[in-house]
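The values are calculated or read from the model by the stated rules, or taken from the named source; none is laboratory data. Just so it is clear, the structure is predicted and the values come from calculations on it, not from any experiment. All Cβ positions, glycine included, derive from the backbone under ideal geometry; neighbour counts span all protein chains shown. All accessible areas refer to the heavy atoms of the entire protein, side chains included, with ligands and DNA or RNA removed. Shrake-Rupley method; radii C 1.70, N 1.55, O 1.52, S 1.80 Å.
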Amino acid sequence: MAEALKIVTVPTKPFEGQKPGTSGLRKTVKEFQKPNYTENFVHAILAAVASVDKLEKSVLVVGGDGRFFCPEAVQIIARMSAAHKVGKLLIGQRGIFSTPAVSHLIRKNTALGGIILTASHNPGGPDADFGIKYNISNGGPAPDGFTNKIFELTKSITEYRTVPNLKIDLEKLGLQKFVVEGNAFEVEIIDSVTDYVLLMKQIFDFDAIKKLIAGQAPHKKPFNVVFDALHGVTGPYVKKIFCEELGASNDSALNATPLPDFGGEHPDPNLTYAHKLVSVMKEGKHDFGAAFDGDGDRNMILGKNGFFVTPSDSLAVIAAQSNLIPYFKQNGVKGFARSMPTAGAIDR
């Protein structure tokens with residue numbers, strides 16, 4: 001039986017500096033933990049959405065990189081979404097979703113958008129950083145015009161609405177139903193990885209990659225791979241995709257358990273912070289290595305003996321071999337994007 005719940009209006013005052021960039025609002029955890037600080041910003045996001053779309057009975061996706069304060073922030077977002085008459089939230093189990101997975105789920109479920117809890121490669125923990133950002137209906141980051149609207153709302157806020165007695169079970173997969181002052185509100189807790197794996201199978205040739213790793217490719221030699229999730233959100237994705245689906249050994253997944261403080265390290269995939277992967281690759285036993293940032297939307301690629309592959313070159317390799325990637329074979333290549341300071345490998 002769905003529990004009847006009440007909306008409460010809470011008076012508040014603006015906080016200075018709640019200006020989001022393309023990567024959202026990033027501040028210290030202690031800042032977000034201040035009374036009403038997170039609520040103010042979440043209200044501004046929901047109000048900004050309501051100013052351009054129909055928020056009532058809509059679907060939103062919610063999840064983050066598992067850093068400290070993520071579970072608490074998910075509960076705040078759920079209570080406030082219910083108060084704004086959102087119809088349904090899709091939330092990753094334990095509040096965990098990679099940023100690319102959120103983007104995919106927004107598009108797959110024709111959701112209005114998604115609220116992502118991450119500070120990317122910034123350190124995590126009670127004395128470190130936290131962040132909130134909003135992705136729009138195409139799965140991409142909110143444009144400047146929208147984030148400016150959020151900022152303006154943070155400067156004039158006087159109250160926000162919430163449902164204080166609403167509590168979400170973030171562990172249990174499945175649908176949770178509530179009634180908020182006569183309005184239905186649903187929360188579906190879904191596996192963080194499943195839908196994203198299905199997407200990857202549509203894009204890449206899993207059979208060919210599995211044969212390559214197993215040594216069943218033309219060169220008949222196992223292709224040894226290793227991945228460092230840096231205790232960020234990508235650990236479960238690495239285990240599922242590379243170990244379970246593609247047959248890589250379990251010990252090829254390094255630091256694959258998401259931790260609130262990322263194991264005390266920076267989840268930044270570069271030669272400095274992914275030093276464990278660099279050391280492993282320099283031993284010469286592996287043919288390919290990769291590390292990922294906290295929320296899973298950036299990586300570092302290493303070749304044999306720790307050879308560093310720049311992002312410019314990895315993009316150029318994808319472009320050169322796009323005819324071997326099922327997604328591009330079926331849909332064609334619409335174009336490749338790079339910034340002006342980026343190396344020109346893709347141009348050649």
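Of the residues making up segment 147-161, those that are open to solvent by 20 Å² or more (accessible area, probe 1.4 Å) and of a type outside the set (D, E) number 8.
For segment 278-292, name all the residues that are within 22 Å of the chain's Cα centre (by Cα) and either open to solvent by less than 20 Å² (accessible area, probe 1.4 Å) or of a type in the set (S, T, N, Q) (or both).
G289, A290, A291
Just so you know, in segment 122-137 the residues that are in contact with a Lys or Arg (Cβ under 7 Å, 6 or more places away or on another chain) and assigned to a loop (DSSP other than H, G, I, E, B) include one that is farthest from G21 (Cα to Cα), and it is G124.
Here's the yes/no breakdown for (1) closer than 30 Å to A83 by Cβ; (2) of a type in the set (S, T, Y); (3) buried (at least 16 other Cβ atoms within 10 Å of the Cβ):
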site: G182; (1), (2), (3): yes, no, no
site: I190; (1), (2), (3): yes, no, yes
site: I203; (1), (2), (3): no, no, no
site: D251; (1), (2), (3): no, no, no
site: L259; (1), (2), (3): no, no, yes
site: K276; (1), (2), (3): no, no, no
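Considering only segment 116-129, I want to know if a residue exists there that is crowded, with 20+ Cβ neighbours inside 10 Å and at positive phi. The answer is yes; a qualifying residue exists.
If you go through segment 299-348 and keep only what is assigned to a strand (DSSP E or B), of a type in the set (V, I, T) and touching a residue at least 12 places away in the same chain (Cβ under 8 Å), you end up with just I301. Just one of the listed residues (D191, D205) is touching a Pro at 6+ places or on another chain (Cβ under 7 Å) and either closer than 30 Å to A274 by Cβ or modelled with pLDDT of 95 or more (or both), and it is D205. If the condition is being in a loop (DSSP other than H, G, I, E, B) and either more than 16 Å from L90 (Cα to Cα) or touching a Phe, Trp or Tyr at 6+ places or on another chain (Cβ under 9 Å) (or both), then segment 108-121 contributes T118, A119, S120, H121. Kindly indicate whether any position in segment 157-173 is in contact with a helix residue (DSSP H, G or I) (Cβ under 8 Å, 6 or more places away or on another chain) and polar (S, T, N, Q). Yes - at least one qualifying residue is present in segment 157-173.
Results for (1) surrounded by fewer than 18 Cβ atoms within 10 Å (Cβ to Cβ); (2) at pLDDT below 90; (3) among the aliphatic types (A, V, I, L, M); (4) farther than 22 Å from Y196 by Cβ, shown as yes or no for each residue.
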{"residue": "H266", "(1), (2), (3), (4)": "no, no, no, yes"}
{"residue": "G294", "(1), (2), (3), (4)": "no, no, no, no"}
{"residue": "P326", "(1), (2), (3), (4)": "yes, no, no, no"}
{"residue": "Q330", "(1), (2), (3), (4)": "yes, no, no, no"}
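Against the test of being touching a Lys or Arg at 6+ places or on another chain (Cβ under 9 Å) and more than 23 Å from G125 (Cβ to Cβ), the options D313, D287, D261, D268 yield a single qualifying residue, D287. For T310, the test of being closer than 23 Å to Y196 by Cβ and β-branched (V, I, T) is failed. The test for being within 17 Å of L259 (Cα to Cα) and either without any contact (Cβ under 8 Å) to a residue 24 or more places away in the chain or of a type in the set (A, V, I, L, M, F, W, C) (or both) does not hold for F146.
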